[in-house]
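Shown next, in structure tokens, is the structure this report addresses.
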Amino acid sequence: MPIFNSDFSPTLPFKNGHFNTMYRPLFMKDVCSYKRKRITTWDNDFIDLDFSLVGSKTLVLLIHGLEGSAESKYMISTTKYLNSRKLDTVCFNLRGCSGEDNLLLATYHSGKTEDVAFVVNYLLENYNYKI
């Protein structure tokens, strides 16, 4: 797994955590072109995976936070950063977070690890990336 070293030091306004948190959603207009892949789950529901591919031999799995999605500013900026480092990404949209209601009434929560395991196994079984 690659380790990124950084010599980044934020400029004065970005040293303030509140300013840093609010700047991107209010002022940045980053966009990302994803290719969506819908996979059917073991319980006859679906999970949407949004891929951003640059021809890498390495795939990075990104999982958003509560109420986020692949369209969240932090997911887009992370995808763009990793793509600029020649790494493919896949954004895992948790159930109910891809812009379409899921088929089952159950929703995700931070302890629903079987969905993460399902997606990781799906990626390992269906794509040929280095581990």
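The values are calculated or read from the model by the stated rules, or taken from the named source; none is laboratory data. Computed from a predicted model, the values in this text were never measured in an experiment. Cβ: placed from backbone, ideal geometry, glycine included. Neighbour counts: every protein chain shown. Each accessible area value is taken on the protein alone, full model and side chains, heavy atoms only, with ligands, DNA and RNA left out. Shrake-Rupley method; radii C 1.70, N 1.55, O 1.52, S 1.80 Å.
Values computed for the structure shown
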{"read-out": "Cleavage-rule hits, GluC sites (Glu not before Pro), the range 58-131, DSSP coil, Cβ neighbours within 10 Å at most 14", "value": "Glu67, Glu100"}
{"read-out": "Two-site label geometry, Ser110 and Asn126: point separation in nm, points 7 Å out along Cα→Cβ", "value": "2.9"}
{"read-out": "Label-point separation, Phe118 to Ile63 (7 Å along Cα→Cβ), nm", "value": "1.3"}
{"read-out": "For Val60, residues with placed amide H under 5 Å, excluding near neighbours", "value": "Asp88, Thr89, Val90"}
{"read-out": "Carbon + sulfur, % of accessible area of the range 65-131 - ligands and nucleic acids excluded, 1.4 Å", "value": "54"}
{"read-out": "Most mobile listed residue (Leu26, Leu62, Leu87) in the chain, GNM with C-alpha springs under 10 Å", "value": "Leu26"}
{"read-out": "Antiparallel DSSP beta bridges within the chain, percent to nearest 5", "value": "70"}
{"read-out": "Listed residue pairs exceeding 22 Å between alpha carbons, taken from Lys86/Lys112; Lys35/Lys73; Lys57/Lys112; Lys35/Lys112", "value": "Lys86/Lys112; Lys57/Lys112; Lys35/Lys112"}
{"read-out": "Rounded, prolate or oblate (a/c below 1.5 giving rounded, otherwise prolate when a/b exceeds b/c) for the chain by Cα gyration tensor", "value": "oblate"}
{"read-out": "Calculated P(r) tail over 19 Å for the range 43-115, as whole % of Cα pairs", "value": "36"}
{"read-out": "Residues of the chain: accessible area per residue with a 1.4 Å probe, Å²", "value": "68"}
{"read-out": "Per-residue HN-Hα couplings for the range 99-116 [Karplus 6.51, -1.76, 1.60; θ = phi - 60°; Hz; x = Gly/Pro]", "value": "x, 9, 5, 6, 6, 8, 6, 5, 10, 7, 8, 5, x, 7, 6, 5, 5, 5"}
{"read-out": "Within the chain, longest stretch free of exposed trypsin sites (Lys or Arg not before Pro) [DSSP loop, at most 15 other beta carbons within 10 Å]", "value": "1-28"}
{"read-out": "For the range 6-17, 3J(HN,Hα) per residue [Karplus equation, 6.51 cos²θ - 1.76 cosθ + 1.60, θ = phi - 60°, Hz, x = Gly/Pro]", "value": "9, 10, 5, 9, x, 6, 3, x, 7, 6, 7, x"}
